[in-house]
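> One structure, as structure tokens, below. Some questions next.
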Amino acid sequence: MLISDFLLNTYKKEEWEKIFMHTQYHRLKLASLDFSESAFKQTSLRSAHVEGINFNSSRIRNSDFSIANLNKSDFSKANIKSCNFFKSHMKKSLFVGSLISQSNMKDMRVWRSNFKHSCIEKTSFSNSDLDGSCFEDAQINECSFANTTLRESNFRDAKIGNTSFYGAHLDRCDLRGADLSQSNLESAYLRGCLYNSYTRLPITKAQAEESGMIFTY
């Protein structure tokens, strides 16, 4: 029996929090389990297989998800603070409306994930693969996307402050209505990026055109 089946059949949902507090569960297989509206602190799921797991509206603190398989998982409306997701796989995952702060999201594989309406601060995505992801209407402050791939991602109406995109691949991203005026785009790849009169950039229109960005209405 998978441990996910055991937990689901043995414990009530309110008891899961006690099970996972201050606990290490390395290399476990916990697929498609519902931990929504739960609380986790100092929990380790390092290298665990947790594909499709549901953390919707959960509170997660000081926990380790590094090198874990979190593909197609749901962190929507979750409050994530001081967590380690280093080298985890999270493709097609949901972070809609989530609050992410002071976390390590470096070297992740997060393509086609959805961060719409999320608030992200003091978190590093450096060297991660976020191709095709959505950050529409997100609030992003004091973060790093240095050397990150974000091709064909959606940043429409996002508010992005004091954030580094140094060397990031932003090719064909949608930046319409986004505010990046306080961000660093040095050495970033911007060819094919869409922007409009509502987009605020830290570079001039001439520099944007020279970088291959496309002005649209």
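> Hey, what did segment 75-177 get for relative contact order, percent, Cα under 8 Å, at least 6 apart?
Dividing the mean separation by the residue count of segment 75-177 yields 19 percent.
> Just to be sure I understand, if you calculate Cα Rg over 2.2 N^0.38 Å for this structure, which of [x] 1.12; [y] 1.07; [z] 1.20 do you get?
Working out Cα Rg over 2.2 N^0.38 Å from the coordinates points to [y].
> Still on this structure, I have one more. Note down the nm distance, to one decimal, between modelled labels 7 Å out along Cα→Cβ at R59 and at K122.
Here the modelled spin labels are 1.8 nm apart.
> Please compute the length gained on full extension between Q139 and E186, using 0.36 nm multiplied by the number of residues separating them and subtracting their Cα-Cα distance.
Gain on extension, Q139 to E186, equals 14.8 nm.
> Label-point separation (nm) for N162 and Q207, each offset 7 Å from Cα along Cα-to-Cβ?
2.1
> While we're on this one: If R0 is 25 Å, what FRET efficiency do you get for R200 and Q102 from their C-beta distance, rounded to 0.05?
For R0 = 25 Å, the calculated efficiency reads 0.45.
> Placing +1 at every Lys and Arg Cβ and -1 at every Asp and Glu Cβ, with all other atoms neutral, what dipole size does segment 44-96 have around its Cα centre, in debye to the nearest 20?
120
> Also: Pairs of Cα atoms under 8 Å, at least six residues apart: use those to get the relative contact order of the chain, whole percent.
9
Throughout, read-outs are computed from the coordinates displayed, never taken from laboratory work. None of these values were measured; they are calculated from a predicted model. Ideal geometry is used to build each Cβ from the backbone, glycine not excepted, and the neighbour counts take in all protein chains shown.
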